[in-house]
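So the structure is just underneath, and the comments pick up after that.
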Amino acid sequence: SDVVYADIRYYDEIEGHIAKADIVFALAAQIHVDRSIHFPQETVDINVKGTMNVLEACKKYDKKMIFASTSEVYGTTQTEDIAESHPLDGQSPYAASKTAGDRMCKAYWDTFGTEVVILRNFNVFGPWQNDTSYGSVISIFTRAALLGEPLKIFGDGSQERDYMYVDDAVKAYDICATIDVYGEPINVGSGETVKIIDLANKIIELTESQSEIIHVEPRAGEVQRLCANIEKAKSLGFVSETDFDRDLAKYVVWYKKNILPRLLLEQEK
């Protein structure tokens, strides 16, 4: 199918595309916590105003919308795992902006009857994820380890995250396309956590790297622990098939085949 590019910050750019859509998967966002700290206005423009633009077009043309929310809206967990009823306590401009978009989706369902499914993704990883400074930790660590560069951890590395392989995320979106649970958040993740320090060591082992792990000052606004309660998603047909060690190894193999050769060529220039 054709790929066309538009900026959700500008309603006129997206209206025509949404008018012709069968269903709208709203994944466009500024997704990085650090970038939101450096560029909070950009983050709000994209994640709040942009989401409202998509909602407005979906309302106008009566389109079903699947909204990609995030576990970051919860902040550090106040319970062993996080159910959808957990308080919203986002700790960064990114989290605040996504909370606003998430709640805007509920408001459009409550107020206008716009059919919006709210999917709160926990940490997704897999092929083609950004591996530069504003990328994901797994791809950044993998790149560093394969290039023999240090793996930088903010704080002591005890932070815990619930990692879900991208195949599970796609499956969740497929389910959302078929259900009529509107205006309610749905958590999707693996239901298990990995510490950042353990993640770094696993990647060094998988890549057979000589890279060292270095610790730097804790990052402002960083959540300490995120672990999904996915009982609601299970009741809707979602089954997590993520096996973290297996899928991490699979990702490293993919990266070595598809990305590393280009990086090595660039180093030689």
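The values are calculated or read from the model by the stated rules, or taken from the named source; none is laboratory data. Since this is a predicted model, take the numbers as computed values, not measurements. Positions of Cβ are generated from backbone atoms using ideal geometry, with glycine treated the same way; all protein chains shown enter the neighbour counts. Each accessible area value is taken on the protein alone, full model and side chains, heavy atoms only, with ligands, DNA and RNA left out. Shrake-Rupley method; radii C 1.70, N 1.55, O 1.52, S 1.80 Å.
Using DSSP to call loops (not H, G, I, E or B), can you name the GluC sites (Glu not before Pro) in region 147-209 whose Cβ has at most 11 other Cβ atoms within 10 angstrom? Display every interim value, and only then the final one.
Values: sites: 160, 192, 205, 208; in loops: 192, 208.
Sparse-neighbourhood loop GluC sites (Glu not before Pro): 208.
Scaled to the compact-protein estimate 2.2 N^0.38 Å, what is the alpha-carbon radius of gyration of region 37-112, rounded to two decimal places?
That ratio works out to 1.18.
How much length is gained if the chain between residue 110 and residue 147 is pulled fully straight, taking 0.36 nm per residue apart and subtracting their Cα-Cα distance, in nm to one decimal?
8.3 nm
With just the Cα atoms defining each centre, how far is region 138-214 from region 6-28? Give it in Å.
29 Å
If you roll a 1.4 angstrom probe over the protein chains with everything in place, what fraction of the accessible area of the chain belongs to carbon and sulfur, to the nearest %?
51 percent
Please go through region 52-139 and write out the GluC sites (Glu not before Pro) that DSSP classes as loop and that have at most 10 other C-beta atoms within 10 Å.
Answer by residue number: 80.
Considering only protein heavy atoms, what per residue accessible area in square angstrom results for the chain with a 1.4 angstrom probe?
That works out to 49 Å² for each residue.
Hey, what do the phi angles of region 68-73 turn into as Karplus ³J(HN,Hα) couplings, whole Hz, using 6.51/-1.76/1.60 and θ = phi - 60°, x for Gly and Pro?
Running phi through 6.51 cos²θ - 1.76 cosθ + 1.60 with θ = phi - 60° gives 7, 8, 8, 5, 4, 5 Hz.
Rounded to the nearest 20 debye, what is the charge dipole size of the chain about its Cα centre when +1 sits on each Lys and Arg Cβ and -1 on each Asp and Glu Cβ?
Its charge dipole is roughly 320 debye.
Let me check something: with ligands and nucleic acids excluded, how do 128, 109 order by accessible area (1.4 Å probe), largest to smallest?
Values: 128 185, 109 85 Å².
Greatest to least solvent exposure: 128, 109.
Can you list the equivalent-ellipsoid semi-axes of region 125-199, largest first and in whole Å, using the square root of 5 times each Cα gyration tensor eigenvalue?
Semi-axes (√(5λ), whole Å): 30, 15, 10.
Would you mind computing, in nm to one decimal, how far apart the modelled labels at residue 184 and residue 260 are, each placed 7 Å from Cα along Cα→Cβ?
Reported label-point gap for residue 184 and residue 260 is 4.6 nm.
What is the chain by shape, rounded, prolate or oblate, if you read a ≥ b ≥ c off the alpha carbon gyration tensor as root eigenvalues and call it rounded for a/c under 1.5, prolate for a/b larger than b/c, and oblate otherwise?
Prolate is the answer for the chain, as a/c is 1.5 or above and a/b outweighs b/c.
Could you work out Rg/(2.2 N^0.38 Å) for region 161-269, with Rg from alpha carbons only?
Expressed relative to 2.2 N^0.38 Å, the Cα Rg reads 1.35.
Using a 7 Å offset from the Cα along the Cα-to-Cβ direction at both residue 133 and residue 236, what is the distance between the two label points in nm, to one decimal?
Those two pseudo-labels are separated by 3.7 nm.
Heavy atoms only, probe 1.4 angstrom, no DNA, RNA or ligands counted: give me 111, 79 ranked by accessible area, highest first.
111, 79
In deg cm²/dmol, rounded to 500, what helix-only [θ] at 222 nm does the chain give when every DSSP H run of at least 4 residues adds -39500 (n - 2.57) and the total is split over its residues?
Calculated mean residue ellipticity at 222 nm is -13000 deg cm²/dmol.
Please give the contour-minus-distance gain from residue 268 to residue 80: 0.36 nm per residue of separation, less the Cα-Cα distance, rounded to one decimal in nm.
Numbers: separation 188, 0.36 × 188 = 67.68 nm, distance 4.81 nm.
Length gained between residue 268 and residue 80: 62.9 nm.
Please report the antiparallel percentage of the DSSP beta bridges confined to the chain, to the nearest 5.
10 percent
For residue 88 and residue 13 in one chain, what is 0.36 nm times their gap in residues minus the Cα-Cα distance, to one decimal in nm?
Working: separation 75, 0.36 × 75 = 27.00 nm, distance 3.17 nm.
Full-extension gain reported as 23.8 nm.
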